[in-house]
Structure formats: C-alpha cells, structure tokens
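Readers should treat all values here as calculations from the given coordinates under stated rules, not as data from a laboratory. All of these numbers come straight from a predicted model, not from anything done at the bench. Reconstructed Cβ throughout: ideal geometry from the backbone, glycine too, with neighbour counts over all protein chains shown.
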Ligand SMILES: [Zn+2]
C-alpha cells in the first residue's frame, strides 16, 4: 500500500485521522501550504519543518514549464530536488491551465494551451498529466479534470462533469500501467510510492455533485477531492455543495477540498468532515502585507503600526511574534525589504497550522459546538 488512512476520533461530521505515506504520517484535518515551484515562496524547507508542515502542495503546470519534468525526474524526483523528505501532493495542472494560460482549447483528447511565461504551445491530456506527476514523484497525485467555470448552466456543468469522469478513467488506467516505471516507483521495498486521487466536479448543481461523487467512487481511488469550488460563488453555496458531496464519499477514505480558504473557512470545512485543504491565501496575503491574527486581519502597511511595539499577534507563539514588533514588520514591508516576505509568510503559515491543530484538538475533545460561535480559543493546548 502506498497510502493508508485511519480515522481516529469522530465528532458529529468531523473527524481526525492519520494519513500515512512513504514520506511520513500526516495528522488530519490538515492544511497543506502551497509550494508552487517547489518552494513555499521565501521560506526555506527547514523552517517549514520547524513549523510542523507534514505535507506540501506543488503545481505540476508550473514545474512542467520550469524547470521541466524531465529535469526533475533526472535529478531524482521532486523530494530529492527540493531536499524535502516529508510528503508532497501535486495537482494535475488542470486548474492552472484553465486559470492562467492563454488560448486554451479543450477537446475530448485533452487541452492545448499557451504558456503564460513565453506563449509557447503545450498539450495536457489525462494521460500526460499523470505521466508528468509520475515524473515529479509526489506521494499524492491528482486526476486531470476540467474545473467548471462559475456560473454554469446545468447542461454545461453536466458536459464538463462527464468529461472529467472520462478523463478520470483514462488517467487511472494510465497510472496503473505506468506507476512503477520510475526509479522511485518502488523506492520502499514493495511499497508503492504514489497514490492517485479522483476529483468530484459538477458545478454548483447538487444533483450533479452527487452523481459525480458516486461515479468517481465507482472508479475506486484511495482518496477523493472536491474541485471547482471557491471560484466566485457565495460561501453558503460552497457549504451546500461540500455537504452534498461529502455525504456520497466513503468515510474511510481521505477527502480533500481543493483551493480554500480563509482561516474561518478552513475551520468550518474541517468541522464539516474535510480532511485535507490547500490554499495560496496565507502565503500570497503575507506577501501583500495581510496578516491573520487571533484579533482579526491586519494590514501591516498601515501607518497606525509605525510606532506599535506590540507583537503582531500576542497569542501566537511563532518565531516572528516571539521576537519582532509590529513597528519593525511595518518598516520592513514599507521599505520592501525581502525579510518582510519571509517573516510575514512564516507567521501566516503558523496561524493556519495552529488553526488546524486547534480544530483537531476540539474534535478529539468532542467540542464541535464552538463552530460559528465566534469564540476563538486563542492558544493551542
Ligand atoms: Zn506569529
């Protein structure tokens, strides 16, 4: 087995568990920081380890364009290339093809698109997206899907969902036939290195989500993702779609909600029964001087912090809050010092990881009622 998942504590719909990969065990619900190009921008891997990051997400689309899958494969795979011994998940590139590239053309066969870097033409198919991810060597890899745009009429959402289902079947077949062809295919004795997750689509139509979930589960993956959310829809609708989808996913398999959200949202979704989440928000916001704290969001560039000697978040125990003042962080940001990017990112990631740790603790204690109460217990136990 390349992956095992054990549910440990259950409270209402929420659960804690352990996701065990050949690169270590991951406590769930987990927030996965995004390391787009094999780096969480500005943060060295040893600091990620210190923060307790157990799994990182990297983007196939970006690594495929630069430095290229063959290059990383020749250098021993992504773990070795980026000197990261813990778990990695790669997305299939589908979302970036749909959101970043120019002149994309979708056909039954796949998607042709132009690189956002130099305009060169490329083609991703359900098979080539898996081949690229086998070459990169992440522990968890994702089926190539079409992220349905929002809003989408039910007919269009159904067509898109059917295409994603056909692509999932093709991707899975390709994975089964080729997963042991890389040097790290069986790097751990007879243990397989990689696992392929399926992705549920269906737009915002609950019937389609239900059908997509059931038919994706019929294809039998070791884990399931919910894609196509956080694309501009109201949050109530996001929750409805998540709830409708979760009720049709097997309880004994990990459930991954792709590309969400704020600290409040990841907390809420974890309590709804989601096990894995990723989002660029904490890292991207940090680079724009937006910092999440137990007292609310802070825009560190504001003049009101110029003489503020207090820590960024008095309840945070991260290395940034333990040492530096808001005044200093504001100065670094206003002066465009590179240290600002690092310190801001470390704090925001720490805040997200602490949020998940607190959620796991609450679930273990059976304290689900705290949800929506607006009361944040500020410290982890
Ligand atoms: Zn902090």
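Suppose R0 equals 41 Å. What FRET efficiency, 1/(1 + (r/R0)^6) with r the Cβ-Cβ distance, do residue 303 and residue 37 give to the nearest 0.05?
The formula returns an efficiency of 0.75 here.
Rounded to a whole number of µm²/s, how large is the Stokes-Einstein D of the range 1-129 at 10 °C and 1.306 mPa s, given Rh as the Kirkwood radius over C-alpha pairs?
Estimated diffusion coefficient is 96 µm²/s.
I'd like the projected area of the chain, averaged over all directions, using the convex hull of its alpha carbons. Report it in nm² with one decimal.
Reported value for the Cα convex hull: 18.4 nm².
Does anyone have the angle between helix 263-272 and the longest principal axis of the chain? Alpha-carbon axes, 0 to 90°, nearest 10?
Computed tilt is about 50 degrees.
Using a 7 Å offset from Cα along Cα-Cβ at residue 154, what residues in the range 204-240 end up with backbone N under 11 Å from the label point?
From the range 204-240, the list is 205-208.
Taking Rh as the Kirkwood radius computed over C-alpha pairs, what is the Stokes-Einstein D of the range 227-321 at 37 °C in a medium of viscosity 0.692 mPa s, expressed in µm² per second?
213
Could you work out how far the C-alpha centroid of the range 5-65 sits from that of the range 242-306, in angstrom?
13
Just order 85-92, 164-171 by mean Cβ neighbour count inside 10 Å, highest at the front, would you?
In decreasing order of mean packing, 85-92, 164-171 become 85-92, 164-171.
Using just the helices of the chain, give the 222 nm mean residue ellipticity in deg cm²/dmol: DSSP H runs with n ≥ 4 each add -39,500 (n - 2.57), and the total is spread over all residues, rounded to 500.
-11500 deg cm²/dmol
Relative to the longest principal axis of the C-alpha atoms of the chain, give the angle of the C-alpha long axis of helix 206-218, reported between 0 and 90° and rounded to the nearest 10°.
Helix 206-218 and the main axis of the chain meet at about 70 degrees.
Bin width 10 Å, alpha-carbon pairs only: give the P(r) of the range 144-269 as whole percents, running from 0 to the bin holding the largest distance.
The percentages, shortest bin first, are 13, 41, 30, 13, 3.
Based only on the alpha carbon positions, what is the Kirkwood hydrodynamic radius of the range 93-165, in angstrom?
13.1
Fewest Cβ neighbours within 10 Å first, please rank 180, 355 accordingly.
Going from sparsest to densest Cβ surroundings: 180, 355.
Hey, could you pull the Cα Rg and Dmax for the range 28-69, both in Å?
11.2, 32
Expressed as an acute angle from 0 to 90° and rounded to the nearest 10, what is the orientation of the C-alpha long axis of helix 126-136 relative to the principal long axis of the chain?
Long axis of 126-136 versus the principal axis of the chain: about 50 degrees.
Under 12 Å from a point placed 7 Å out from the Cα of residue 310 along the Cα-to-Cβ direction: which residues of the range 326-356 have their backbone N that close?
Correct set: 326-327.
Starting with the fewest neighbours, write out 257, 196 ranked by other beta-carbon atoms found within 10 Å of each beta-carbon.
Lowest count first: 196, 257.
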